[in-house]
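The values are calculated or read from the model by the stated rules, or taken from the named source; none is laboratory data. These numbers were taken from a predicted model, which means no experiment stands behind them. No Cβ is skipped: glycine too gets one built from the backbone with ideal geometry, and neighbour counts run over all protein chains shown. Side chains included, ligands, DNA and RNA excluded: accessible areas come from the protein's heavy atoms. Shrake-Rupley method; radii C 1.70, N 1.55, O 1.52, S 1.80 Å.
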Amino acid sequence: MTQRVELAAVMDRLAIDALITEYAVAVDDGDWDAYRQLFAPEGRADYRSAGGIEGGADEIAAWLAETMRLFPMRQHLVTNRRLEFGTLDQDTGDTAHVQADYVNPMRFADRPGAAPEPSTAPDFVCGGRYSFTLLRTHGGWRLRRVVVTEKWRQLAGERQQREATSDT
């Protein structure tokens, strides 16, 4: 591999890493216009394993905008990113696949009529794995497909209830 090819691969890796980070930030900040811009024109996402829907970027952004109202505080932590480059039309590096684990602490919105919670700590946490398929476009790397595989979830009250039960 030449130095020029190695440098291009490093630059692609950095650009893809930035795109995955922007994905998490857009969801956490509720920036649905930025979320849509991360996808290729035919881009799709599948949130069904987490109780969501599957569809195009516009449909998913609208669904997320409504659903995330339940969680005004959210913070994706995307880790253990594994990246592989693929080929499209015999050109090396036109596609990429990233698998990454996530932990997503969130806080439920205060219920109408209920006293505001004094804490901003998360009361709902979930984790799992993302599968991102990316496509190199004229505008840079974009998401072609996002699949969420939720592996676990926990409500804060469930843990406290189990701890209280195990003490008796």
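Worth pointing out:
- Among the residues making up the range 1-37, those that are over 21 Å from residue 77 (Cβ atoms) and of a type in the set (Asp, Glu) are 6, 12, 33.
- Given (1) open to solvent by less than 100 Å² (accessible area, probe 1.4 Å); (2) within 17 Å of residue 142 (Cα to Cα); (3) in contact with a helix residue (DSSP H, G or I) (Cβ under 9 Å, 6 or more places away or on another chain), number of the condition residue 62 does not satisfy: (2)
- None of 100, 114, 164, 156 is modelled with pLDDT of 95 or more and of a type outside the set (S, T, N, Q) except 100.
- Within the range 116-143, restricting attention to residues that are touching an Asp or Glu at 6+ places or on another chain (Cβ under 7 Å) and either open to solvent by 30 Å² or more (accessible area, probe 1.4 Å) or assigned to a loop (DSSP other than H, G, I, E, B) (or both), the residue that is nearest to residue 37 (Cα to Cα) is 136.
- Residue in the range 33-59 that is least open to solvent (accessible area, probe 1.4 Å), counting only those that are under 24 Å from residue 108 (Cα atoms) and in a strand (DSSP E or B): 45
- Only a single criterion out of (1) assigned to a strand (DSSP E or B); (2) open to solvent by less than 40 Å² (accessible area, probe 1.4 Å); (3) closer than 16 Å to residue 137 by Cα is not satisfied by residue 16, namely (1).
- Among the residues of the range 96-108, the one identified as open to solvent by less than 20 Å² (accessible area, probe 1.4 Å) and polar (S, T, N, Q) is 104.
- Residues of the range 130-150 satisfying the condition of being charged (D, E, K, R) and touching a Lys or Arg at 6+ places or on another chain (Cβ under 7 Å): 145
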